[in-house]
Structure formats: structure tokens, C-alpha cells
Amino acid sequence: MTIKLNKDVINQAKIYALTHKRSLSSIIESYLQTLVNPDGSEGNNEKIEISEFVKSMRTGVQIPSDIDAKIEYAKHVSEKYK
């Protein structure tokens, strides 16, 4: 998977991860887990504090737990490049 992010955001996130003794991957995974499972009933029990600003970016869209991301991405790409 490739994710493109602003270089400044990446650098700030690396500093945050270092100061909180976490990997950047685990922080991103924890955040994504809160998006797909906001009640926290699944996944690891490791919690991170999410700022009010980041929480405000939620769309309210519920992502089905059985979604196949590869299939959905393939559909997206095929539609995009028709």
C-alpha cells in the first residue's frame, strides 16, 4: 500500500511517534481502527488519544467489516480509467 502525505506531516508524526515510544505504523493502524470500529470492541486494546480536530474529520460513513479493500480498489481504478 502506498499513502502519499505532506512531508511536514510525516516529520511531525515521526517525532510524535518517537516521543510516545510507538511506531508510526502502530499509530496509523490504531487511528484507522477507530474509524472502522468506533466503539472499540475489536482490535488491539492499545488506545491513543485522538485530537478533537481529527475527530471532527469523521464522515459518519460506516465501513462494512466484510469489505474486500483490494476488490473495491480495483473497481475504483477501473471506473476512474474508463
Could you grab me the full set of residues in the range 16-32 that are outside any loop (DSSP other than H, G, I, E, B) and either of a type in the set (Phe, Trp, Tyr) or exposed (fewer than 10 other Cβ atoms within 10 Å of the Cβ) (or both)? Tyr16, Thr19, Ser25, Tyr31
The listed residue being modelled with pLDDT of 85 or more and of a type in the set (A, V, I, L, M, F, W, C), out of Ile67, Ile15, Ile48, Ile3: Ile15
When you go through (1) under 15 Å from the mean Cα position of the chain (by Cα); (2) modelled with pLDDT under 85 one by one for Ser26, which number turns out not to apply? (2)
At pLDDT 85 or above and out of contact with any Gly (no Cβ under 9 Å at 6 or more places or on another chain): which single residue out of Val54, Val77 fits that description? Val77
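The values are calculated or read from the model by the stated rules, or taken from the named source; none is laboratory data. Keep in mind the model is a prediction, meaning the values are calculated, not measured. As a convention, Cβ positions derive from the backbone with ideal geometry for all residues, glycine included, and neighbour counts pool all protein chains shown.
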